[in-house]
Amino acid sequence: MKARNRGLIPTFTSMVEHMMSDEDFFAPFWRNTHTTPAVNVKETDATFELEVGVPGMEKKDFSVEIENGMLVIKAEREESTEEKKNHFTRKEFSYHSFRRSFAMPENALEDGIQANYDNGILKIIIKKREGTPKTTPKNVEIS
């Protein structure tokens, strides 16, 4: 067997590590820009409240809709920059989007939905129908 040039392995490895570092020019190319935001859901006596963590977006980027008994939250944001210096041009483009769907509870008022975006949190409040009895949780035995 022929001996391999092992000197290339650390060099190649260090190049890849350098390219993947946060300080590198190419790092955004390697990162996954599609993420699903975290959602907190809270139920009170009168409402259901959802808090969606989406920093860096703007109010105009969101769409909140009711489709076939589902609450659908969508967002899209495109950004592009161009920098020209001396003999080179640097162009960057990014696209971020997500879609989350939640089944509307039977006692939810579809006409009683409010949404507000502030400090990176999209808060959605869904009012409950009046007079809807609160159900008690039941344990189901697993066999």
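No value in this document is a laboratory result; all are computed from the given coordinates. Treat the numbers as computed from the prediction; the structure is a model and nothing was measured.
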Check: In straight Cα distance, which aspartates and glutamates are under 13 Å from LYS127, not counting same-chain residues fewer than 8 positions off?
Finding: GLU43, ASP45, GLU49, GLU106, GLU110, ASP111
Notebook entry, point to check: Of the cross-linked pairs LYS42/LYS74; LYS59/LYS84; LYS42/LYS138; LYS74/LYS128, which ones have a Cα-Cα span greater than 27 Å in the structure shown?
Noted result: LYS59/LYS84
